[in-house]
Amino acid sequence: MSEPRDVNVSIFGSRYTLRSDADPAFVAELAVEVDARMREAASAGAGSGAERLAVLAALNLADDLARERRARSEETAAIHARASRILAILNDEVGREGVEGV
């Protein structure tokens with residue numbers, strides 16, 4: 001990891017200086033996403049308080065993350081199931097070849 005450094009970002013009209021060891025461009029991308037989520041909540045009529053909008057944005061981002069994790073977990077389970085079936089087929093084939101070769 002690199003040394004932490006200050007990254008200046010703007011979220012929902014406020015400037016923040018964040019200290020991070022992540023790539024500054026990545027931190028800026030994250031800030032843009034949070035800003036967009038807060039503006040989306042504001043345009044949906046969720047209220048005008050920045051704190052309330054930040055909480056709604058955080059909940060939306062957490063929901064996205066949970067859905068992605070669930071999808072990845074399901075995909076991983078499906079891959080493991082397919083791999084097990086392939087191994088079973090290979091074991092059957094090797095077993096048959098071993099018997100036929102005797």
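The values are calculated or read from the model by the stated rules, or taken from the named source; none is laboratory data. Quantities reported herein were computed from a predicted structural model and do not represent experimental measurements. Heads up, the Cβs are rebuilt from the backbone with ideal geometry, glycines too, and the neighbour counts pull from every protein chain shown.
Going by the conditions given, is Arg52 among the basic types (Lys, Arg), out of contact with any helix residue (DSSP H, G or I) (no Cβ under 7 Å at 6 or more places or on another chain), within 30 Å of Ser2 (Cβ to Cβ) and assigned to a helix (DSSP H, G or I)? Full working, then the answer.
Values: among the basic types (Lys, Arg): yes; out of contact with any helix residue (DSSP H, G or I) (no Cβ under 7 Å at 6 or more places or on another chain): yes; within 30 Å of Ser2 (Cβ to Cβ): no; assigned to a helix (DSSP H, G or I): yes.
Answer is no for this residue.
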Task: Residues (at pLDDT below 95 and more than 25 Å from Asn8 (Cα to Cα)) located in the stretch 44-73 - done: Ala44, Gly45, Ala46, Gly47
Task: Pairs with Cβ under 9 Å, 6+ apart, first in the stretch 10-31 and closer than 26 Å to Gly49 by Cβ, second surrounded by 14 or more Cβ atoms within 10 Å (Cβ to Cβ) and of a type in the set (Lys, Arg) - done: Phe12/Arg39
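Among the residues of the stretch 50-65, which ones are buried (at least 16 other Cβ atoms within 10 Å of the Cβ) and in contact (Cβ under 8 Å) with a residue 24 or more places away in the chain? Give the derivation first.
Going through the stretch 50-65, the residues buried (at least 16 other Cβ atoms within 10 Å of the Cβ) turn out to be 53-54, 56-57.
Within the stretch 50-65, Leu53, Ala54 qualify.
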TODO: Select from the stretch 1-49 the residues that are β-branched (Val, Ile, Thr) and in a strand (DSSP E or B) and write down the one among them that is surrounded by the fewest Cβ atoms within 10 Å (Cβ to Cβ).
DONE: Thr17
Task: Subset tally (residues that are small (Gly, Ala, Ser) and within 18 Å of the chain's Cα centre (by Cα)) for the stretch 45-76 - done: 6
